[in-house]
Amino acid sequence: MIRKARIEDIKAIQKLINYFAGLDQMLPRSLNELYENLRDFWVAEESGKITGCAALHISWEDLAEIKSVAVAKPRQRKGLGRALIRACLNEARLMGAKKAFVLTYKPEFFRKFGFKRIKHDDLPHKIWAECINCPKFPNCQEIALLRQL
Ligand SMILES: CC(C)(COP(=O)(O)OP(=O)(O)OC[C@H]1O[C@@H](n2cnc3c(N)ncnc32)[C@H](O)[C@@H]1OP(=O)(O)O)[C@@H](O)C(=O)NCCC(=O)NCCS
């Protein structure tokens, strides 16, 4: 089941994200950041367990960001990632966003959904202002991709 996240899901979401962050596949998230952005999150729930998550964050007047996409190792390659991305893209359209972007180490996964590579400079400055708080700053290897909605 793909559904919006609830407060009680946050610790499981953090565990999932920080497991892959430990493998350098995505950025870690603090509990504070997750609670504050709870309403951005979608989760995959199977037999009462959180097996996947993804977030949709509104960034700018016509722009949404997909963040923190993770599917538990044993549940990968079964369509959960796709279902989570679909939920985020549908929500972005409902919110009135015209474009969605992602910063990722897995560009090939996002190409499956029509995202195309862009230059970091093509994104609004506001997004780069947030980078200063990132543990990877200034050595960011993430690739920026964008799609129209
Ligand atoms: C990337 C990730 C979210 C994919 O989730 P998933 O549930 O395995 O993906 P799905 O099964 O829904 O796959 C959807 C499509 O993407 C493809 N795909 C899945 N993982 C892929 C990857 N790492 N690279 C390229 N394509 C990938 C699948 O083959 C499938 O394509 P198809 O429909 O043409 O067969 C998952 O591997 C993951 O959590 N990885 C670790 C964290 C991470 O890297 N997050 C993404 C960046 S923020």
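The values are calculated or read from the model by the stated rules, or taken from the named source; none is laboratory data. Here the structure is a predicted model, which means the values were calculated and not measured. So basically every Cβ, Gly included, is an ideal-geometry build from the backbone, and we count neighbours across all protein chains shown.
Numerical summary
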{"read-out": "Test: residue in segment 32-55 that is under 15 Å from Leu145 (Cβ atoms) and surrounded by 22 or more Cβ atoms within 10 Å (Cβ to Cβ)", "value": "yes"}
{"read-out": "Residue list for segment 85-114, filter: among the β-branched types (Val, Ile, Thr) and either away from the ligand (no atom under 12 Å from the Cβ) or within 17 Å of Leu27 (Cβ to Cβ) (or both)", "value": "Val102, Thr104"}
{"read-out": "Residue in segment 3-13 that is in contact with a strand residue (DSSP E or B) (Cβ under 8 Å, 6 or more places away or on another chain), in a strand (DSSP E or B), modelled with pLDDT of 95 or more and surrounded by fewer than 20 Cβ atoms within 10 Å (Cβ to Cβ) present", "value": "yes"}
{"read-out": "Any chance Ala70 is among the small types (Gly, Ala, Ser), at pLDDT 95 or above, surrounded by 20 or more Cβ atoms within 10 Å (Cβ to Cβ) and in a helix (DSSP H, G or I)", "value": "no"}
{"read-out": "Those residues of segment 102-137 which are closer than 18 Å to Ala70 by Cβ and aromatic (Phe, Trp, Tyr), in sequence order", "value": "Tyr105, Phe109, Phe110, Phe113, Phe115"}
{"read-out": "Arg82 at pLDDT 95 or above, near the ligand (Cβ under 8 Å from one of its atoms) and in contact with a Ser or Thr (Cβ under 8 Å, 6 or more places away or on another chain)", "value": "no"}
{"read-out": "Filtered residue count, segment 88-147, keeping only those that are of a type in the set (Phe, Trp, Tyr), part of a helix (DSSP H, G or I) and modelled with pLDDT under 95", "value": "1"}
{"read-out": "Where a residue in segment 41-57 is without any contact (Cβ under 8 Å) to a residue 12 or more places away in the chain and its partner, wherever it lies, is among the β-branched types (Val, Ile, Thr) and within 12 Å of the ligand (Cβ to nearest atom), with Cβ under 9 Å and at least six apart", "value": "none"}
{"read-out": "Near pairs, Cβ below 6 angstrom, 6+ apart or cross-chain, from segment 59-86 (more than 15 Å from Thr104 (Cα to Cα)) to any residue that is surrounded by fewer than 20 Cβ atoms within 10 Å (Cβ to Cβ) and modelled with pLDDT under 95", "value": "Trp60/Pro124"}
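The rows are residues; the columns are (1) out of contact with any helix residue (DSSP H, G or I) (no Cβ under 9 Å at 6 or more places or on another chain); (2) not basic (Lys, Arg).
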residue	(1), (2)
Lys49	no, no
His57	no, yes
Ala70	no, yes
Ala100	no, yes
Lys112	no, no
His125	yes, yes
Asn133	yes, yes
Lys136	yes, no
Glu142	no, yes
